[in-house]
Amino acid sequence: MINLPADVLDDFFRKIPMGVAIYNRDLTLRIYNETWLSYVNSYQGNANFIPTPGMTLADLFPQAATTIQPMLEQALRGETRQQHTLPLSNGQETIYWNTIAFPLTADEVITGVFHVMTDVTPRREAEMELQKAKQSLLTLMGSLPGMAYRGPHNIRREMELVNTGAQELTGYPSENFITPATTPYASIVHDDDRERVQAELETAVADARPFELLYRIRTASGEIKWVLERGDLLYSHDRHLIGLEGFIADITERILAQQLLEQRVVDRTRKLSALYQVMTLAAEQSDLKTILQEALSWVLKAVHGEAGVIHLLEQAAYNLHLAVHEALPAEMIEHLEQLSPIQGLAADILETSVPYITPDIQKDYAVAHLVGGQFHSYAGVRIHARGHTLGILSIFRKNERLFSEGDTALLVSVADQIGTAVENAHLRQENERLLVLDERNRLARELHDAVTQSLYSLTLFAEVNQRYARAGDMKNVAAYSQRIEETAEKSLREMRLLLHNLRPSILQDVGLVSAVQQRLDAVEKRAGIATKLVADDTIILPSHVEESLFHITEEALNNSLKHAQATAVTVKISQSQNQVNLIIQDNGCGFDITNLSDSGGIGLASMQERAKLLGGDIHIHSIDGSTQIIIHIDLDNLRETTDSQTLLDLL
């Protein structure tokens, strides 16, 4: 019991560093100090809450009255009641008080309760966190094989606790890592990784977050292991860093498997890249030797070959001749210049579709007598296309590395592409021969249909003219002389047109407008026809559009020159944004569009087909004394160049 004068009690209230409150006998609030008020506000979660005398426990502690009331009731019965870390819940959080309650008397009569408390919530939370950390550590210690640890944060990485798995991981006894450490953990981190690991750890500490580190360690036996360390930071109740705890696991097998997989991906990518390059080469129209040389270089890089050679079978199939080679010693070239397809190494390769692989050349006479001791291993693959054998691809290595299944699969694929390239070269050569033959036949037809017939007519006119001259019939002599002159001029125009068509196209060099002007200068002007070209200065067209419009213009001018007997032609080319117009007009005799000759019909059909391929329109107006051809192209509706258009150009 306590019995103090009022002034002493007031001084006690102000100076005591604890929360103090006095309750009446009915357990209503009588008086309190500032410290007690701060505790109640913390419990209430309301800094503006001001208790007033007469408030009940239910008013002060809505959800904890039943916890405090028994203590105060015991004090009213004359007892002193004390409790440590009394939990008080407000529904959202729990706070903890150390509290004591004893009776307050006056004249030996209990008049109330003297209640003193101290808020120990931070300490209690720290104790609980420490308990959880200990439990976490115990769980960590009993986990999978590896190194579980706890220790201060310092550059040497000394430990306070280390499990027995550390010795299995590092080869060092666990106690070697404990302060004072004979083997600080930082000392076994690989020299190339140590600085990075320390930097990453410092970053995690600065960010106050868990960490994950991947690095290498050197064990007591000198073995290099890859390890994965996962850990967290340990803090005191006031958020002061007190250490680290974590687990370090051996992941060497996983890392090596990953590195092997990455190496395989790189190797596969390199081989696919080489195959793609060879496929691209096979589709090109370069000369065959260039294609073969580049293909050989790519495949050597892909399979790590030191030298290689490609033999092609001669047309008569009597010999395989050396087409291209790379990195072959000079003395080997002579031996490999010609191979027999019916005996020896070449015969063995050509007789089967399976690659010929020799891991040790010196034990294989068929290869050894050709290459000597220059190389260690050899791979040979048959080159074929469309069921026809075309040659052999050979690769040499100086080291003992065997050709893998991936290597041989790549060689087979490359050999197939080389076969395609050879076959394409043969087809191009045959196509060029047929084109030359076709061009000869076309020129023969042109000469026969035009120039030859004109010359024959000249011969007939000249003979008739001589007879009239001998007879003294000067009137007919003059008439036939006029016809001879007209026929000669017509033959000259047609010959100039043939010569113009034989010249290489200048369209790509000078553009559409200049190409049309040069055509007018070279043919029409020299034939005595007045020409006029009207064109915008800023015409910009795709190349295939220019080419088609130029061919249409040429065809129209050719028809005019051959059939219209015109004395003037006009060509107009205009472009307004994406709208293009081409007009060819002459002052000739015109023609009946519904009744065309074979040659004229073919020419007009060609122009219509070219305009259609561009998605354009063509309109032809022809009356006696004038012919006008109008072509309109909308570039917004432009069709792409097609195989049919290319074929038309060839025709």
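The values are calculated or read from the model by the stated rules, or taken from the named source; none is laboratory data. All of these numbers come straight from a predicted model, not from anything done at the bench. Reconstructed Cβ throughout: ideal geometry from the backbone, glycine too, with neighbour counts over all protein chains shown. Heads up: the accessible areas ignore ligands, DNA and RNA and are worked out on the full protein's heavy atoms, side chains in. Shrake-Rupley method; radii C 1.70, N 1.55, O 1.52, S 1.80 Å.
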Of the residues that sit in the range 376-387 and are open to solvent by 10 Å² or more (accessible area, probe 1.4 Å) and touching a strand residue (DSSP E or B) at 6+ places or on another chain (Cβ under 9 Å), which one is farthest from Leu313 (Cα to Cα)?
His376
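The rows are residues; the columns are (1) buried (at least 20 other Cβ atoms within 10 Å of the Cβ); (2) under 44 Å from the mean Cα position of the chain (by Cα); (3) acidic (Asp, Glu); (4) modelled with pLDDT of 85 or more.
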{"position": "Ile484", "(1), (2), (3), (4)": "no, no, no, no"}
{"position": "Glu494", "(1), (2), (3), (4)": "yes, no, yes, no"}
{"position": "Ala530", "(1), (2), (3), (4)": "no, no, no, yes"}
{"position": "Ala535", "(1), (2), (3), (4)": "no, no, no, yes"}
Go through Ala220, Ala186 for me and flag whichever is open to solvent by less than 50 Å² (accessible area, probe 1.4 Å) and not in a strand (DSSP E or B).
Ala186
So, in the range 202-247, exactly how many residues are in contact with a His (Cβ under 8 Å, 6 or more places away or on another chain) and over 22 Å from Gly165 (Cα atoms)?
2
Cβ contacts < 9 Å: first residue on the phi > 0 side of the Ramachandran plot, restricted to the range 369-386; second residue of a type in the set (A, V, I, L, M) and modelled with pLDDT of 80 or more, any location; separation 6+ or different chain. Result?
Gly372/Met332; Gly372/Ile361
Sort out which residues of the range 609-625 are open to solvent by 30 Å² or more (accessible area, probe 1.4 Å) and not hydrophobic (A, V, I, L, M, F, W, C), and write them in order of number.
Glu609, Lys612, Gly615, Asp617, His619, His621, Asp624, Gly625
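Would you list the strands (runs of 3 or more DSSP E) that sit entirely within the range 346-427 and hold 1 or more residues that are within 32 Å of the chain's Cα centre (by Cα)?
Numbers: elements: 356-358, 377-385, 388-397.
Ranges flagged: 388-397.
Yes or no, residue by residue, for (1) more than 13 Å from Ala415 (Cβ to Cβ); (2) modelled with pLDDT of 85 or more:
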| site | (1), (2) |
| --- | --- |
| His335 | yes, no |
| Gln343 | yes, yes |
| Phe375 | yes, yes |
| Val381 | no, yes |
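For the range 239-269, how many residues are open to solvent by 100 Å² or more (accessible area, probe 1.4 Å) and either assigned to a helix (DSSP H, G or I) or on the phi < 0 side of the Ramachandran plot (or both)?
Here is the first cut: in the range 239-269, the ones open to solvent by 100 Å² or more (accessible area, probe 1.4 Å) are 239-240, 253-254, 261, 263-264, 268.
Subsequent filtering for residues that are either assigned to a helix (DSSP H, G or I) or on the phi < 0 side of the Ramachandran plot (or both) retains 240, 253-254, 261, 263-264, 268.
The qualifying residues number 7.
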Would you mind stating whether Leu272 is out of contact with any helix residue (DSSP H, G or I) (no Cβ under 8 Å at 6 or more places or on another chain) and surrounded by 13 or more Cβ atoms within 10 Å (Cβ to Cβ)?
yes
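Kindly indicate whether Thr594 is at pLDDT 85 or above, more than 50 Å from the chain's Cα centre (by Cα) and either surrounded by fewer than 18 Cβ atoms within 10 Å (Cβ to Cβ) or not in a helix (DSSP H, G or I) (or both).
Working: at pLDDT 85 or above: no; more than 50 Å from the chain's Cα centre (by Cα): yes; either surrounded by fewer than 18 Cβ atoms within 10 Å (Cβ to Cβ) or not in a helix (DSSP H, G or I) (or both): yes.
No: the conditions fail for Thr594.
For the range 626-651, which positions are of a type outside the set (A, V, I, L, M, F, W, C) and either open to solvent by less than 50 Å² (accessible area, probe 1.4 Å) or at pLDDT 50 or above (or both)?
Taking the range 626-651 as the starting set, the residues that turn out to be of a type outside the set (A, V, I, L, M, F, W, C) are 626-628, 632, 634, 636-637, 639-646, 649.
Selection gives Ser626, Thr627, Gln628, His632, Asp634, Asp636, Asn637, Arg639, Gln645.
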Residue, farthest from Met128 (Cα to Cα), within the range 60-117, restricted to residues that are assigned to a strand (DSSP E or B) and open to solvent by 70 Å² or more (accessible area, probe 1.4 Å)
Val109
